[in-house]
Amino acid sequence: MNLKTSAGEMAEALESGDKSNMAGVMRRTCKATFGLHPGISKPYQDVIEPLYQSRDILSWKPVGAGAGGCVMMLVRDGCETIVRDVCEQANWSRLSWDYDDEGVCVEAV
């Protein structure tokens, strides 16, 4: 998978609401992101890896400009408190987000 095709797959997974499919797409996208440069994931590994190994999160990926600065995690149902506590202990902040059906629209005036 490359990052270009992953956008379409993620849009389909989000629209379907299929958490299992979203997790799979996120894992493949994350792997493709790491292919850009191994250092992209390094700042997050100490916090993310134990959560992933314990299956408290289903998948994750770095996001933001240059694939960095933020992490998006798909949390297993019932594990929200555990994940929140671990992230707070690491001094991470939680950002609320949602996807936009329209994206950026430019209109001529």
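The values are calculated or read from the model by the stated rules, or taken from the named source; none is laboratory data. What you see is a predicted model, and the numbers here were worked out from it, not measured in a lab. Heads up, the Cβs are rebuilt from the backbone with ideal geometry, glycines too, and the neighbour counts pull from every protein chain shown.
Selection of the range 31-45 for residues being aromatic (Phe, Trp, Tyr) and modelled with pLDDT of 75 or more yields only Tyr44.
Quick one: how many residues across the range 49-71 are assigned to a loop (DSSP other than H, G, I, E, B) and on the phi > 0 side of the Ramachandran plot?
Initial filter on the range 49-71 (assigned to a loop (DSSP other than H, G, I, E, B)): 54-56, 64, 68-69.
The next check asks that each one be on the phi > 0 side of the Ramachandran plot; those that pass are 55, 64, 69.
Within the range 49-71, residues that are assigned to a loop (DSSP other than H, G, I, E, B) and on the phi > 0 side of the Ramachandran plot number 3.
In the range 72-92, the residues that are outside any helix (DSSP H, G or I) reach residues that are exposed (fewer than 11 other Cβ atoms within 10 Å of the Cβ) with C-beta atoms within less than 7 angstrom, at least six apart or across chains, in these pairs: Arg76/Arg55.
Could you list all residues from the range 21-66 that are closer than 26 Å to Gly8 by Cβ, in contact with a Cys (Cβ under 8 Å, 6 or more places away or on another chain) and touching a residue at least 12 places away in the same chain (Cβ under 8 Å)? Passing the criteria: Ser41, Ile57, Ser59, Trp60, Lys61, Pro62. Residue pairs whose Cβ atoms lie under 6 Å apart, separated by 6 or more positions or on different chains, with the first residue in the range 1-20 and of a type outside the set (A, V, I, L, M, F, W, C) and the second surrounded by 12 or more Cβ atoms within 10 Å (Cβ to Cβ), are Asn2/Ala32; Ser6/Thr29; Glu9/Val25.
Only one residue in Asp85, Asp18, Asp98 is over 14 Å from the mean Cα position of the chain (by Cα), more than 16 Å from Leu3 (Cβ to Cβ) and loosely packed, with under 11 Cβ neighbours inside 10 Å, so which one is that? Lay out the reasoning, then the answer.
Working: Asp18 fails: loosely packed, with under 11 Cβ neighbours inside 10 Å; Asp98 fails: over 14 Å from the mean Cα position of the chain (by Cα).
Just one listed residue meets the conditions, Asp85.
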